[in-house]
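One structure is given here, and the rest of the page talks about it.
The values are calculated or read from the model by the stated rules, or taken from the named source; none is laboratory data. Since the structure is predicted, the reported quantities are computational estimates derived from the model, not experimental observations. Cβ coordinates were reconstructed from backbone atoms using ideal geometry, including for glycine residues, and neighbour counts include every protein chain displayed.
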Amino acid sequence: MQPAIRTGALLDRVRADLGRPDTSPQELRTALAEVVPAAEELLAQVADLQGQLAQARTCPVTGLPTRAAWTGRAQDVLAAGPAAVLLADLDAFKPVNDRFGHAAGDAVLAAVGARLAKWATAEGAVAGRLGGDEFAVALPDGPGLSARIARLHTLLTAPIAYRQLTLTVGASIGTARTADLPDVTVSAALKQADAAMYQIKGRGRRGRRLAGIVPLHTPALLARVLPFRKAS
């Protein structure tokens with residue numbers, strides 16, 4: 001019998017015993033002695049399920065919320081007042097995987113995730129990984145939004161050390177402001193941000209640039225990053 005069913009049956013019996021005027025203290029102690037271990041086992045299972053849920057809602061590579069977890073938190077940001085939703089897609093990420101393997105790709109994703117999380121914390125924003133090399137952010141709108149996005153772009157495209165190499169990927173960031181949306185939902189904001197992001201990609205080399213790959217022992221080259229391409 002499952003712990004929940006067993007505990008429920010035991011509780012039903014204890015309730016019945018408590019309702020009987022002739023129930024002895026010994027009978028009650030016996031019933032409680034059975035209920036307590038079953039309840040403890042049930043609570044342990046609940047804690048384990050909560051842990052599994054938390055893991056399922058967190059990307060294991062980047063440490064960022066997954067799409068489902070991010071969407072719920074992003075809706076809270078949009079409901080709080082004027083907000084913006086950013087959709088960032090890494091440029092030239094596939095060549096990193098193709099040339100150096102998925103371990104290198106994961107190193108890039110982990111670095112991008114850490115940088116994005118740090119920026120989001122400072123901005124009072126909510127960041128998440130939607131999947132692949134796509135990331136989303138919901139943040140309060142306000143003065144200097146373009147400059148804030150430019151700082152994010154600089155962070156995301158900064159060189160990343162991997163073994164004896166430095167990998168540089170680009171980033172295209174599309175922006176949607178709730179003030180411009182007839183329907184203030186995460187879905188509508190992502191749709192507009194996605195359209196803006198692909199417009200930005202269209203200005204480049206089919207939206208992609210080759211990743212910069214240089215040896216770690218050439219620090220003079222580490223400052224090289226791809227230029228920021230801002231949505232009009």
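General observations
- If you check ALA107, ALA103, ALA54 for being surrounded by fewer than 16 Cβ atoms within 10 Å (Cβ to Cβ), within 30 Å of ILE200 (Cα to Cα) and either at pLDDT below 95 or of a type in the set (A, V, I, L, M) (or both), only one passes: ALA103.
- Any chance VAL61 is modelled with pLDDT of 65 or more, outside any helix (DSSP H, G or I), in the same structural domain as GLU134 (by TED's automatic domain parsing) and not acidic (Asp, Glu): no
- Of all residues in segment 184-218 being charged (D, E, K, R) and in a loop (DSSP other than H, G, I, E, B), the one that is modelled with the highest pLDDT: ARG203
- Those residues of segment 166-183 which are surrounded by 16 or more Cβ atoms within 10 Å (Cβ to Cβ), in contact (Cβ under 8 Å) with a residue 12 or more places away in the chain and not in a helix (DSSP H, G or I), in sequence order: THR166, LEU167, THR168, VAL169, GLY170, ALA171, SER172, ILE173, GLY174, THR175, ALA176
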